[in-house]
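To start, the structure under review is shown below, and the notes come after it.
The values are calculated or read from the model by the stated rules, or taken from the named source; none is laboratory data. Computed from a predicted model, the values in this text were never measured in an experiment. Using ideal geometry, Cβ is built from the backbone for each residue, glycine included, and neighbour counts are taken over all protein chains shown.
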Amino acid sequence: MTYRAPMKVSGALDGYQFEEVTPLLGREYPDLQLSEIVKDDAKIRDLAITASERGVLLFRNQDINMADFKVLMQKCGELTGKPKTSRLHKDEFASENNTHLGIPEALDPEIYAVSSINNEKIFDNFLDPRDKKFASRGWHSDESFENVPADYTGFKMIKTPKSGGDTVWASAYEAYDRLSEPWQKFAETLTASHGDPTFCSYLESKGLKFRSEERGSPENVGTTLRAVHPVVQTNPVTGWKALYGLGYQVQFGGINDVTDYESQLIQAYFLRIITDNHDLQIRHKWSPNDVAIWDNRSVFHNITSDFVGERLALRAVSIGNKPYIDPNSVSRKTALNAEKVSSKAPLNGS
């Protein structure tokens, strides 16, 4: 892996108003229409860098069509240095399975329909509160089961229930910062196996098509959804360390090279860092045509499955780089503290 210096914004978005959702995480642009910047690479580059720094960006009442949305998401990755072999993800749940949804975008292999109808009829109503299981089991980072997983996710809401169906994000940077220094060093030595190797046979049992051909990268092929990634990764855009080896997809694999019980303990502790610290989370109540763009190397996310009625969103996911840890990278808190010290330093030795 070739390491590189962190990227900095150019100021191309300085003319747009924004509000920080919390001091730690999230930014909302109330007046920015994404359709107006699709051809402006400088603005898209700054948008992507900002998403990597703030974790998730929110935009209300967006008129961008999905063809342009795909262009935007691919450029987010390209303009921040992802490999030339990385494109948009083609979901393993093949688009041919979506004919019943009745919308042409759901048949595009580079767009994934996040559908409550599919969840109920195909995926056995995953995260159903009536199961009386902890909703925290749904925390994840997109496509971590792939050898080359997601960098940026773009998510446009189409239909919302009357209430509920919110999305919650949690800072992976801050999750790393909440570990003690000995635990940080320990976590950096670990890898985790991500994925659900039974998913292909599950779809086949329901008479549905699984996409085994290339899914956004030449390395993302085959019928076994399993990948090994470092538990702590460096975001190549910011240069900050983030906790990566936790959540739903790690439950099927676990922490490598430790005992089963040790794996359970480590996973439970890492997950608790998120669930017991509400101050590293934000929650968004959706309206139709809202858009969120987030960096999967910076945040985890989860849905609140507390709604009745249809919920439908269209998602375009950029495939990024293979996760790695740069031994010279630092935590978000360390980097920001260093910037504060540098900005207060006297000029010319005075």
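Before moving on, here are some points about what is shown:
- Some residue of the stretch 74-91 being within 30 Å of N118 (Cα to Cα), of a type outside the set (A, V, I, L, M) and touching a helix residue (DSSP H, G or I) at 6+ places or on another chain (Cβ under 6 Å): yes
- Number of the condition not met by V38 [criteria: (1) touching an Asp or Glu at 6+ places or on another chain (Cβ under 7 Å); (2) hydrophobic (A, V, I, L, M, F, W, C); (3) surrounded by fewer than 21 Cβ atoms within 10 Å (Cβ to Cβ); (4) under 24 Å from V148 (Cα atoms)]: (4)
- Residue within the stretch 256-265 that is buried (at least 23 other Cβ atoms within 10 Å of the Cβ) and under 30 Å from S217 (Cα atoms) present: no
- Residue in the stretch 110-126 that is in contact with a helix residue (DSSP H, G or I) (Cβ under 7 Å, 6 or more places away or on another chain) and within 27 Å of W240 (Cβ to Cβ) present: no
- When S171, S180, S163 are checked against the criterion of being surrounded by 14 or more Cβ atoms within 10 Å (Cβ to Cβ) and hydroxyl-bearing (S, T, Y), S171 stands alone in meeting it.
- Count of the stretch 194-222 residues which are within 22 Å of L107 (Cβ to Cβ) and either among the aliphatic types (A, V, I, L, M) or in contact with a helix residue (DSSP H, G or I) (Cβ under 7 Å, 6 or more places away or on another chain) (or both): 5
- Enumeration of residues in the stretch 261-313 that are among the aliphatic types (A, V, I, L, M) and more than 21 Å from N235 (Cα to Cα): L265, I266, A268, V291, I303, V308, L312, A313
- Every pair of residues 6+ apart whose Cβ atoms lie under 7 Å, when the first sits in the stretch 320-335 and is at pLDDT below 95 while the second is not small (G, A, S): N328/Y3
- First in the stretch 31-47 and closer than 21 Å to T238 by Cβ, second anywhere and crowded, with 20+ Cβ neighbours inside 10 Å and polar (S, T, N, Q), Cβ under 8 Å, 6 or more apart: R45/T80
- Selection of first residues in the stretch 153-164 that are on the phi > 0 side of the Ramachandran plot and modelled with pLDDT of 95 or more and of second residues that are surrounded by fewer than 16 Cβ atoms within 10 Å (Cβ to Cβ) and in a loop (DSSP other than H, G, I, E, B), restricted to Cβ pairs under 9 Å at least 6 apart or on distinct chains, gives the following pairs, ordered by first then second residue: G164/K285; G164/D306; G164/V308; G164/G309.
- Among residues of the stretch 79-92 that are without any contact (Cβ under 8 Å) to a residue 60 or more places away in the chain, those with a beta-carbon under 7 Å from a residue that is of a type in the set (A, V, I, L, M) at least six positions away or on a different chain give the pairs L79/I44; L79/A48.
- Output for the stretch 78-107, where each listed residue is closer than 30 Å to E204 by Cα and in a loop (DSSP other than H, G, I, E, B): T85, S86, R87, H89, K90, D91, E92, A94, G102, I103
- Selection within the stretch 1-25 - in contact (Cβ under 8 Å) with a residue 24 or more places away in the chain, surrounded by 11 or more Cβ atoms within 10 Å (Cβ to Cβ) and within 21 Å of L79 (Cα to Cα): M1, Y3, R4, P6, M7, K8, V9, S10, A12, L13
- Unmet criterion (only one of (1) closer than 30 Å to K241 by Cβ; (2) assigned to a loop (DSSP other than H, G, I, E, B)) for K75: (2)
- Any hit, the stretch 241-255, residues being in a loop (DSSP other than H, G, I, E, B) and surrounded by fewer than 20 Cβ atoms within 10 Å (Cβ to Cβ): no
- When Y244, Y261 are checked against the criterion of being more than 19 Å from P23 (Cα to Cα), aromatic (F, W, Y), within 15 Å of the chain's Cα centre (by Cα) and modelled with pLDDT of 95 or more, a single residue qualifies: Y244.
- Just one of the listed residues (K322, K333, K285) is of a type outside the set (S, T, Y) and within 30 Å of P218 (Cβ to Cβ), namely K322.
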